[in-house]
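See below for the structure under consideration.
The values are calculated or read from the model by the stated rules, or taken from the named source; none is laboratory data. This is a predicted model, so every value here is computed, not measured. Note that each Cβ is placed from the backbone with ideal geometry, even for glycine, and that neighbours are counted across all protein chains shown.
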């Protein structure tokens, strides 16, 4: 069971401020590494949420790679019969955006202000 008394929150804060900020994974892009550091300095990220943070940064990087490919090659291609199709990168970008949004929401990092189109995230 999770305690929510002011004393337990103060103890948790004191434990967390003495921990070292985790380094971003080396395979992330420079912008995702900067974002990782910003999130870890701004928020108290628990150990189990570091994996979600990593997945979120990876999904963002994947979406950016897909976006760059679309900028280079366009949204569609024509097959050998002359039919026009959406490039596979369109689906990659779309699924990456959904993944980033869901992971941010799961970690309670999404903006859920009073004008948000969806109900607020679950608070555990």
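Is it the case that residue 85 is without any contact (Cβ under 8 Å) to a residue 60 or more places away in the chain and in contact with a strand residue (DSSP E or B) (Cβ under 8 Å, 6 or more places away or on another chain)?
Judged against the criteria, residue 85 is a match.
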key: Leading residue by the ranking (nearest to residue 109 (Cα to Cα)) among those in segment 19-51 that are exposed (fewer than 14 other Cβ atoms within 10 Å of the Cβ) and in contact with a helix residue (DSSP H, G or I) (Cβ under 6 Å, 6 or more places away or on another chain)   = 44
ask   = Only one residue in 69, 83, 59 is over 16 Å from residue 104 (Cβ atoms) and surrounded by 16 or more Cβ atoms within 10 Å (Cβ to Cβ), so which one is that?
value = 69
request  = Scan segment 91-105 and give yes if some residue there is exposed (fewer than 14 other Cβ atoms within 10 Å of the Cβ), assigned to a loop (DSSP other than H, G, I, E, B) and modelled with pLDDT of 95 or more, otherwise no.
outcome  = no
